[in-house]
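First comes the structure, then the notes that go with it.
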Amino acid sequence: MAEEDEFGAYHALADNDDDHRWAFGTGFTDALEGVDTTVPDGVDGAALATYCLMLGDDALIYSHRLQQWMTRAPELEEETALANIALDLLGQARMLLARAGRADGTGRDEDRYAFFRAEHEFRNVRLVERLDGDFAELVGRLLIFSTFRLALFDRLRVSKDPVLAAIAAKGVKELTNHRDYAAQWVVRLGDGTELSHAKMQAGLDVVWLLVDELFAGNPIEVSLPGVAVEAPSLRAEVDIVLEAVLATGGLDRPAARPMARVGGRAGREGMHTEAMGYLLAELQSVARADPGATW
């Protein structure tokens with residue numbers, strides 16, 4: 001029965017007869033239109049909503065960072081690739097934020113979550129909010145993020161929440177492409193010229209201090225057995241992939257110490273870096289200037 005529910009939810013998400021393509025963030029209707037969003041029996045709706053915010057905020061904030069690279073990438077082809085990745089993540093964010101509004105009973109849509117929350121209310125990891133110094137740093141961070149998220153979504157495909165499972169099933173295909181794109185560039189730069197190798201190694205050294213936070217775990221994950229995935233369980237799987245890519249590119253695994261938590265809190269608990277405030281000011285400014293407008 002669970003498999004039938006998941007299959008039905010997947011088809012509802014993938015139905016493009018009305019030309020609204022949620023995966024690319026181009027639909028202007030309700031992101032969960034036609035999907036049964038009833039919270040499964042025995043699942044804490046508030047906890048499920050928080051978990052969806054965690055995953056949705058990761059995608060939303062990172063999508064915005066990638067969008068900032070339009071006109072800045074080394075070639076037009078790379079700008080197109082990064083735009084497609086950003087749009088994939090925006091589509092995932094829309095679905096997850098809309099799911100959060102249904103799960104906690106507030107009925108808030110994705111716009112309310114994206115544009116009208118304060119910085120401390122966002123639950124994304126700090127890895128996704130930092131500003132990339134150059135293209136090498138960008139592909140290094142994309143490799144880490146997409147490898148982690150792919151492993152996570154792969155397990156979420158059997159989540160007891162059929163909506164979350166359906167979003168993950170669609171996302172796995174997208175994230176596989178994201179990871180492979182980033183891996184190819186990391187290897188190309190690492191195994192290229194002396195200069196490209198140095199830049200790639202330096203980029204990895206900078207972003208690596210934010211890797212451990214991905215696997216820190218969270219009480220919300222523990223409170224949702226069978227629904228959520230406990231992040232620490234993904235570490236070995238992700239490390240195998242990263243080690244293989246680094247070895248192929250002749251790169252060293254950075255020995256950077258993890259970025260410190262502040263009062264025991266990090267991104268999942270609403271404690272962000274200085275970069276987050278500037279990002280939100282840009283992301284939210286138009287919506288906040290005319291909060292009653294329709295888009």
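Odds and ends about this structure:
- Among the residues here, residue 217 qualifies as in a loop (DSSP other than H, G, I, E, B), closer than 20 Å to residue 151 by Cα and open to solvent by less than 30 Å² (accessible area, probe 1.4 Å).
- Checking each residue in the stretch 248-286 for being of a type in the set (A, V, I, L, M, F, W, C) and crowded, with 16+ Cβ neighbours inside 10 Å picks out 251, 259, 266, 271, 276, 279, 280, 283.
- Options 245, 207, 229: the member that is touching a Lys or Arg at 6+ places or on another chain (Cβ under 8 Å) and either of a type in the set (Gly, Ala, Ser) or part of a helix (DSSP H, G or I) (or both): 207
- Candidates 206, 229, filtered to the one that is within 22 Å of residue 62 (Cα to Cα) and open to solvent by 40 Å² or more (accessible area, probe 1.4 Å): 206
- For the condition of a type in the set (D, E, K, R), open to solvent by 30 Å² or more (accessible area, probe 1.4 Å), out of contact with any Leu (no Cβ under 7 Å at 6 or more places or on another chain) and farther than 13 Å from residue 178 by Cα, residue 58 does not qualify.
- Of the residues making up the stretch 128-159, those that are in a helix (DSSP H, G or I), open to solvent by less than 10 Å² (accessible area, probe 1.4 Å), under 13 Å from residue 66 (Cβ atoms) and not hydroxyl-bearing (Ser, Thr, Tyr) number 6.
- Residue pairs meeting the criteria (Cβ under 6 Å; at least 6 apart or on separate chains; first at pLDDT below 95 and of a type in the set (Asp, Glu), in the stretch 87-102; second open to solvent by less than 10 Å² (accessible area, probe 1.4 Å) and part of a helix (DSSP H, G or I)): none
- The stretch 234-252, residues that are in contact (Cβ under 8 Å) with a residue 24 or more places away in the chain and under 13 Å from residue 148 (Cα atoms): 234, 237, 238, 241, 242
- The stretch 160-173, subset open to solvent by 10 Å² or more (accessible area, probe 1.4 Å) and either touching a Leu at 6+ places or on another chain (Cβ under 9 Å) or not in a helix (DSSP H, G or I) (or both), residue farthest from residue 66 (Cα to Cα): 160
- In the stretch 104-125 there is at least one residue matching the filter, namely being open to solvent by 10 Å² or more (accessible area, probe 1.4 Å) and within 20 Å of residue 146 (Cβ to Cβ).
- Count of the stretch 63-97 residues which are open to solvent by 10 Å² or more (accessible area, probe 1.4 Å) and small (Gly, Ala, Ser): 3
- The sole residue among 276, 259 that is touching a residue at least 60 places away in the same chain (Cβ under 8 Å) and not in a helix (DSSP H, G or I) is 259.
- In the stretch 175-188, the condition of being in contact (Cβ under 8 Å) with a residue 12 or more places away in the chain, closer than 27 Å to residue 48 by Cα, open to solvent by less than 20 Å² (accessible area, probe 1.4 Å) and in a helix (DSSP H, G or I) is met by at least one residue.
- Given (1) at pLDDT below 95; (2) of a type outside the set (Gly, Ala, Ser); (3) within 30 Å of residue 44 (Cα to Cα); (4) under 22 Å from the mean Cα position of the chain (by Cα), index of the condition residue 262 fails: (4)
The values are calculated or read from the model by the stated rules, or taken from the named source; none is laboratory data. All of these numbers come straight from a predicted model, not from anything done at the bench. Note: ideal-geometry Cβ built from the backbone for every residue, glycine included; neighbour counts use all protein chains shown. These area figures cover heavy atoms from the full protein model, side chains too; ligands, DNA and RNA do not enter into them. Shrake-Rupley method; radii C 1.70, N 1.55, O 1.52, S 1.80 Å.
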